[in-house]
Amino acid sequence: MDTITLTLGIIVGVFVGSTAGYLGSIMVSRRMALVGDALSHVALPGLALGILFNFNPFIGAFSFLATTVIVTWYLQKSTTLSVEAIIGVIFVLALSIGILITPKVDLLEALFGDISKITLMDTVITVLVSLFVILVVKKIYEKLIIGMISKELAVANRIKVESINLIYLLLVATIVAVGIKEVGTLLVGALVIVPAAAAKNISSTLSGYSLMSAIFGLMSAVSGVILSIYVNVPAGPLVVIVGTVIFAGSVAINSFSKRVKTKRASTA
Amino acid sequence: MTDVGRGQTESSSHSQIESNNMLVVSGLGVTSQNKRVLEDVSFKVKKGTSLAVVGPNGGGKTTLFRALLNLIPYTGTIKWNDEVRIGYVPQSLVSTDLPILVEEFLRFKRRTNYEACLSSVGLDKAILRQSLGSLSGGELQRVLIAWAIVDNPSVLLLDEPTSGVDIGAEEPIYEKVNHLKREAGITVLLISHNMHVVMHYSDYVLALNKDVLFYGDTKSLTHSQLLSIIFGSEFALTEEEHYKE
């Protein structure tokens, strides 16, 4: 891999990792972690269509993700099914269709990403899309949190909970679509969930939690990209492994701080 | 007049409600999963008064609040006064496992008077650095009341605000609400199962069991009469004996 491709890969890692981590802090708190993971697989058929008909796979992936989000949102409103159940159904269908129609030669790249194929255009799109996603999330962040704490409380404060939720899920779909090139459809969901889960273990404030999620996301993505050069394997699995190591560290810190607190309480 | 119907309002009348009324509900009906949950409910709430909503479990109390907050479709009319600013205190929170400090939660309101609001519900500002999830039931309810009053609401809707609160901690919460009603002229709508609270802290009672069992002045009833209206005379007599003991 040449220096330019590596630089582009790192830039994409910085933006996708931190944005996915920031978005994930909301998803993990909403106990929707599995939704983030399953949602990412829905991109596969769209990606395949992009490869087959020679258009930007990001557009194909985003179209499928956005359609899934809107269908899920509508079914959740109009039926008694949970988001997990609805996405669970759509996810297996999308994964099956995706595996059937993706050309065999491109399947591995679609599933696990290929950092060496990131272009300058991909990088520019990723940076702009990430900045847009961060700006919109910042705008709706408080409303999302209040809706998460209590729907009634949110509605009484004139927050349109359903619309805010739809916007949020569309933002997740957007960042998943841009993250596919680096991490692949199978693992991009982990970039949303793992950093946030690690941050939740060691955070006591909301601001600290969202910041740590973004930092852990950035660290996982960038380290994964750099490591992939040395071990010559796709960056996707490495990004997830680094994220999981951070998560394990956070579990250890959490358990250590609990032990210290208990010791202090018993000696006081 | 503020008509908050969700497109299923039977009447589209835009006549003014009397200025001394905060809320006028007429012919309210709610159907959920093909079952009638509320039927032909009508009542008024005067400004600066308190109305206790009582009734058996499943009688439609929380459904009424959900309709008043425009959370569910309904038939009939719900008319709030033009100047209404609703402060809502839920029974509990859906998620308290979020790492969020009380201070961060209160800051969402973008007001600077939250320390004064905490003090008005009897909480010290030290609680600001505590996590929302680490609070006791009583502390959480007081924080929720503080959150509701930060915007200077004209109406407080309290859905069983002391459920999950220790018995000893119940009374001070109602005392604080009563104080807010007296000092700030806030109108209070309160759901409660505690008849002692209803008799002591409400001006009017609305007893519901799908339709209206009783609506009127609290002082026109005895404790036993109220129980008899809600649960039948047999239960009321048993309860009365219990109180005598």
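So here's what we get for this one:
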{"quantity": "Count - residues of region A:139-176 that are under 26 Å from A:VAL188 (Cα atoms), of a type in the set (S, T, N, Q) and without any contact (Cβ under 8 Å) to a residue 24 or more places away in the chain", "calculated": "1"}
{"quantity": "Residue among A:LEU128, A:LEU100, A:LEU120, A:LEU93 that alone is within 26 Å of A:THR3 (Cα to Cα), without any contact (Cβ under 8 Å) to a residue 60 or more places away in the chain and surrounded by fewer than 18 Cβ atoms within 10 Å (Cβ to Cβ)", "calculated": "A:LEU128"}
{"quantity": "Single residue of region B:8-35 satisfying the filter (polar (S, T, N, Q) and part of a strand (DSSP E or B)) that is modelled with the lowest pLDDT", "calculated": "B:SER32"}
{"quantity": "Conditions (1) over 25 Å from B:GLU39 (Cα atoms); (2) in contact (Cβ under 8 Å) with a residue 40 or more places away in the chain: number failed by B:THR62", "calculated": "(1)"}
{"quantity": "Residue count, region B:62-81 (criterion: more than 12 Å from chain A (Cβ to nearest Cβ), open to solvent by 20 Å² or more (accessible area, probe 1.4 Å) and in a loop (DSSP other than H, G, I, E, B))", "calculated": "1"}
{"quantity": "Wholly within region B:123-236, strands (runs of 3 or more DSSP E) carrying at least 2 residues that are in contact with a strand residue (DSSP E or B) (Cβ under 7 Å, 6 or more places away or on another chain), open to solvent by 30 Å² or more (accessible area, probe 1.4 Å) and under 16 Å from B:LEU51 (Cα atoms)", "calculated": "B:211-217"}
{"quantity": "Number of the condition not met by A:LEU238 [criteria: (1) open to solvent by 40 Å² or more (accessible area, probe 1.4 Å); (2) in contact with a helix residue (DSSP H, G or I) (Cβ under 8 Å, 6 or more places away or on another chain); (3) part of a helix (DSSP H, G or I)]", "calculated": "(1)"}
{"quantity": "Any hit, region A:61-80, residues being within 30 Å of A:ALA198 (Cα to Cα), out of contact with any strand residue (DSSP E or B) (no Cβ under 9 Å at 6 or more places or on another chain), surrounded by fewer than 19 Cβ atoms within 10 Å (Cβ to Cβ) and among the small types (Gly, Ala, Ser)", "calculated": "yes"}
{"quantity": "Lone unmet requirement of (1) touching a Ser or Thr at 6+ places or on another chain (Cβ under 9 Å); (2) surrounded by fewer than 18 Cβ atoms within 10 Å (Cβ to Cβ) for A:SER163", "calculated": "(1)"}
{"quantity": "Filter result for the condition that a residue is open to solvent by less than 50 Å² (accessible area, probe 1.4 Å) and either over 15 Å from the mean Cα position of the chain (by Cα) or of a type in the set (A, V, I, L, M) (or both), over A:SER223, A:SER213, A:SER266", "calculated": "A:SER223"}
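The values are calculated or read from the model by the stated rules, or taken from the named source; none is laboratory data. Fair warning: this is a prediction, and the values are worked out from it, not measured in the lab. Using ideal geometry, Cβ is built from the backbone for each residue, glycine included, and neighbour counts are taken over all protein chains shown. Ligands, DNA and RNA are excluded from the accessible area calculation, which covers all protein heavy atoms including side chains. Shrake-Rupley method; radii C 1.70, N 1.55, O 1.52, S 1.80 Å.
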